[in-house]
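J.: I have a structure here, written as structure tokens, and I will follow up with some questions on it.
The values are calculated or read from the model by the stated rules, or taken from the named source; none is laboratory data. Model, not experiment: these values are computed from the prediction. For neighbour counting, all protein chains shown are included, and Cβ atoms are generated from backbone atoms with ideal geometry for every residue, glycine included.
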Amino acid sequence: MIWDEVISLVLAVILGAIIGAEREYHDKPAGLRTNIMICLGAALFTILSKEMGGGDLNALTRIAAQIVTGVGFLGAGAIIRDRAGVHGLTTAATIWLVSSIGMACGAKYYLLAVVSTTLAITVLFGLAPISERIAKLREAKHREKR
């Protein structure tokens, strides 16, 4: 039984690292180590909730809810509002997603965790050029109005 848990934790580190590497590559505040730790922590809390809850569904859902709440505070810390607008929303969303991937690893939903990671990387890398293009068009539109 312990080896199943080790596999869950190692997979959480790998998947957290994949997303964290993308964040690090794009020079975002929550990078490689942060995303690994969030994913690993969520996996560990999920494993512990299963073990400590002894099959009690209420115990499992309470700990899962606390993971989501705790990670929400981390994500909120990544969001910055200034005169230029709001920054860090994608980082906050990524933190939230990485915790759910960790929970999937801890619950042994490995395929779900891998598919979610693949989709996240596709969105983060694949849609970045589109977002940049839209931002340039929006900027040009604002210049025309002046």
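J.: Quickly run through the stretch 74-86 and pick out the residues that are among the aliphatic types (A, V, I, L, M) and either surrounded by 14 or more Cβ atoms within 10 Å (Cβ to Cβ) or at pLDDT 80 or above (or both). Write out each step before concluding.
T.: Initially, the stretch 74-86 is screened for residues among the aliphatic types (A, V, I, L, M), giving 74, 76, 78-80, 84, 86.
Of everything in the stretch 74-86, those that are among the aliphatic types (A, V, I, L, M) and either surrounded by 14 or more Cβ atoms within 10 Å (Cβ to Cβ) or at pLDDT 80 or above (or both) turn out to be 74, 76, 78, 79, 80, 86.
J.: Hey, can you tell me all the residues within the stretch 28-43 that are crowded, with 23+ Cβ neighbours inside 10 Å and not in a helix (DSSP H, G or I)?
T.: Answer for the stretch 28-43, where residues must be crowded, with 23+ Cβ neighbours inside 10 Å and not in a helix (DSSP H, G or I): just 30.
J.: Out of curiosity, is residue 59 more than 23 Å from residue 35 (Cβ to Cβ) and of a type in the set (A, V, I, L, M)?
T.: Details: more than 23 Å from residue 35 (Cβ to Cβ): yes; of a type in the set (A, V, I, L, M): yes.
Yes: the conditions hold for residue 59.
J.: Same structure again: Quick test for you: out of 46, 91, pick the one residue that is in a helix (DSSP H, G or I), of a type in the set (Ser, Thr, Tyr), over 30 Å from residue 4 (Cβ atoms) and touching a helix residue (DSSP H, G or I) at 6+ places or on another chain (Cβ under 6 Å).
T.: Numbers: 46 fails: over 30 Å from residue 4 (Cβ atoms).
None of the other options fit; the residue is 91.
J.: Continuing with this model, one more query. Mind counting the residues in the stretch 1-29 that are over 16 Å from the mean Cα position of the chain (by Cα) and not acidic (Asp, Glu)?
T.: Final tally of qualifying residues: 7.
J.: Please go through the stretch 96-123 and give me each residue that is over 20 Å from residue 8 (Cβ atoms) and either buried (at least 19 other Cβ atoms within 10 Å of the Cβ) or charged (D, E, K, R) (or both), ordered by number.
T.: none
J.: Check 30, 43, 12 and return the single one that is at pLDDT 95 or above and in contact with a Ser or Thr (Cβ under 6 Å, 6 or more places away or on another chain).
T.: Values: 30 fails: at pLDDT 95 or above; 12 fails: in contact with a Ser or Thr (Cβ under 6 Å, 6 or more places away or on another chain).
Going through 30, 43, 12 in turn, just one is at pLDDT 95 or above and in contact with a Ser or Thr (Cβ under 6 Å, 6 or more places away or on another chain): 43.
J.: Give me the pairs, please: first residue somewhere in the stretch 123-138 and touching a residue at least 40 places away in the same chain (Cβ under 8 Å) and under 15 Å from residue 23 (Cβ atoms), second residue anywhere and charged (D, E, K, R) and surrounded by 10 or more Cβ atoms within 10 Å (Cβ to Cβ), beta-carbon distance under 7 Å, and either six or more positions apart or on two chains.
T.: 124/22; 125/22
To keep it simple, each residue is scored yes or no on (1) crowded, with 19+ Cβ neighbours inside 10 Å; (2) of a type outside the set (A, V, I, L, M, F, W, C).
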residue	(1), (2)
14	no, no
20	yes, yes
56	no, yes
62	no, yes
66	no, yes
72	no, yes
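J.: For residues that are in a loop (DSSP other than H, G, I, E, B) and among the aliphatic types (A, V, I, L, M), scanning just the stretch 55-88, find the one that is nearest to residue 107 (Cα to Cα). Can you show your working first?
T.: Step one: list which residues in the stretch 55-88 are in a loop (DSSP other than H, G, I, E, B), which gives 55-56, 79, 83-84, 88.
Filter once more, keeping what is among the aliphatic types (A, V, I, L, M): 79, 84.
Numbers: 79: 29, 84: 41 Å.
Step by step, filter the stretch 55-88, then rank; the result is 79.
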